[in-house]
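Only the coordinates and a few stated rules stand behind these numbers; no lab work does. Keep in mind it's a predicted model, so treat the numbers as computed, not measured. Please note: Cβ atoms are built from the backbone with ideal geometry, for glycine as well, and neighbour counts cover all protein chains shown.
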Amino acid sequence: MAEKGKADGAYDAIERMIIFQEITPGSLVSESMLTASTGFGRTPVREALQRLAREGMVQIHPSKGVLVPAASVDTQLRLLELRRVLESLAVGLACDRALHEHRKNMAAMVDRLKKEQFTLGSYLETVKETHHLIVGAAANEYLADALAPAQALSRRFWIAHMRDEEHQISLGSALHSKILEAILARDESAAKAASQALNDYLVDFAYAVLGHQRPLRNKDSSAA
């Protein structure tokens, strides 16, 4: 159990280094460098890297090192196609399955999202916690495993291309609050619409990186 905790700690530390580009995208790093940088031992770091590899955050090349692949807009857009569907399912299940403890924690998170003045780092941790609350309430471990890499890679892209921190954090906080409020109200339709709105925002953000507006969707397509 102690080793499990250390592996989780190493995962969080390395993921943060990747997301904040303390490890340059496209570069190779060694396990020894990561153990020195994170303060965790070889076994927890190795377990963390295996998990990050499964999530697409790193590529492990035996005898060469660990590669942090560059993130492209095209990759992000294809990833968001999957994330949109999975998150819609997650919020729908959470509306039906959320228990008292889930709802209590969600209500506290809504209050935090509306009142706290976030730094980029503290907001990142809040977003991760919000995602954990939703998938926890959805009570489906397979869905949680499928969503984790999509959300982690999306966060990485968002942080890498951040320009106006205060504005983007404000938008993100409002969008996440609406999702949680709809789940608290057990309003599945509103929760799915709020989830789609968050994913629309992320798609628009990706196109903005290219300097383009998002292409118009067909009338049959809906954010709701």
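Observations on the structure shown:
- Charges were assigned to the Cβ only: +1 to each Lys and Arg, -1 to each Asp and Glu. The resulting dipole of segment 23-85 about its Cα centre is roughly 120 debye.
- The Rg/Rh ratio for segment 2-67, using Cα coordinates for both the radius of gyration and the Kirkwood hydrodynamic radius, is 0.92.
- The charge dipole of the chain, taken about the Cα centre with unit charges on the Cβ atoms of Lys, Arg (+1) and Asp, Glu (-1), comes to about 180 debye, rounded to the nearest 20.
- Förster radius 25 Å - calculated FRET efficiency between R54 and H161 (Cβ-Cβ, nearest 0.05): 0.55
- Kirkwood Rh in Å, taken over segment 42-193 so that all alpha-carbon pairs contribute: 16.6 Å
- Loop-resident trypsin sites (Lys or Arg not before Pro) (DSSP state other than H, G, I, E or B) in segment 13-111 with no more than 14 further Cβ atoms inside 10 Å of their Cβ: K64.
- Length added when fully stretched, A107-E22, from 0.36 nm per residue minus Cα-Cα: 27.2 nm
- The chain: angle of helix 73-97 to the longest principal axis, Cα-based, in degrees nearest 10: 60 degrees
- In the chain, the calculated helix contribution to ellipticity at 222 nm averages -24500 deg cm²/dmol per residue, counting -39,500 (n - 2.57) for every DSSP H run with n ≥ 4.
- Taking 0.36 nm per residue of sequence separation and removing the Cα-Cα distance, the E116/E81 pair yields an extension gain of 9.5 nm.
- Listed residue (A190, A152, V66) projecting farthest to the positive dipole end of the chain, Cβ model: V66
- Angle in degrees between helix 120-138 and the longest Cα principal axis of the chain, rounded to the nearest 10: 70 degrees
- Note that segment 46-91 carries a Kirkwood radius of 12.3 Å, evaluated over its alpha carbons pair by pair.
- Loop-located trypsin sites (Lys or Arg not before Pro) across segment 151-201 with a Cβ neighbour count of 14 or fewer within 10 Å are R163, R186, with loop assigned by DSSP.
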